[in-house]
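Colleague: My structure is below; once you've seen it, I'll send some questions.
Values quoted throughout were computed directly from the atomic coordinates according to the rules given, and no laboratory measurement underlies them. Note that the structure is predicted; figures quoted are calculated from it, not measured. Cβ coordinates were reconstructed from backbone atoms using ideal geometry, including for glycine residues, and neighbour counts include every protein chain displayed.
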Amino acid sequence: MDTRGLLDQLLKSGKDLLQNQAGNAAAGKAAKGGGLGSLLSGAGGGALAAGAMGLLLGNKKARKYGGKALTYGGLAALGVLAYKAYGNWQASQASAPQGEPQTLDRLPPVQVEQHSQAILKALVAAAKADGHVDERERALIEGEFVKLTSDQELQHWLHAELNKPLDPADVARSASTPEMAAEMYIASVMLVDEAHFMERAYLDELARQLRLDPALKQALEAQVRQA
């Protein structure tokens, strides 16, 4: 599956989506009312990945997604954020694993694909954390994904992920390394509204299931806020 290519498109599209929303006061006003249509209209003609990201975001305000985090571009940006946060935590903890963190921006292509699948799984789950993804919206999201990739294996995988009950333990099982866990958590923090009770509870449980050290959890959240 070319999960890497799809995820990179989604992450890069977040920047364009934000710029269009910020420049369109009418769309921004409608978005505050919870309109998915406003997010898609702000995505720009032909910006398919932005349409998919808009649906995943639901009615969340633009400021909740990414900020400067995406100006670096796609997967590389996420890897840089994870590397900084993980490295800072590592340096402050005598008991932390030593050696250079093997984050997305420092891995060979085969391993990047493995990390990408885990991160996309985390993104889809995070989108469901506030309960906004109902049957209709799942169908809309799937439709956008179908436009983005002709990879039928990936389409079937996405269908299964969208239709699964929300389960932080299931998401966490995809993390085979501490760095992958950090990347999955950063992606989740970027997508959710931490002020929303259900989403905050989901993040806390995901961190527990990922077995993130509390100091690392704080460092990852701080890195997203500072980006």
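Colleague: Could the peptides 168-178, 123-133 be put in order, highest first, of the mean number of other beta-carbon atoms found within 10 Å of their residues?
Modeller: Result, highest mean Cβ count within 10 Å first: 123-133, 168-178.
Colleague: Tabulate in residue order the Karplus-calculated ³J(HN,Hα) for region 143-157, using 6.51 cos²θ - 1.76 cosθ + 1.60 with θ = phi - 60°, rounded to whole Hz; enter x for Gly and Pro.
Modeller: Whole-Hz 3J(HN,Hα) from phi for region 143-157: x, 5, 5, 4, 5, 7, 9, 9, 6, 5, 4, 5, 4, 5, 5.
Colleague: For region 84-146, what is the convex hull volume of its Cα atoms per residue in Å³?
Modeller: Here the figure is 127 Å³ per residue.
Colleague: Could you give the C-alpha radius of gyration of region 97-227 expressed as a fraction of 2.2 N^0.38 Å, taking N as the number of residues it contains? Write down the numbers at each step before the final one.
Modeller: Numbers: Rg = 14.9 Å, N = 131, 2.2 N^0.38 = 14.0 Å.
Working it through for region 97-227, the quotient is 1.06.
Colleague: Exactly which chymotrypsin sites (Phe, Trp or Tyr not before Pro) in region 148-213 are in a DSSP loop and have at most 10 other Cβ atoms within 10 Å?
Modeller: none
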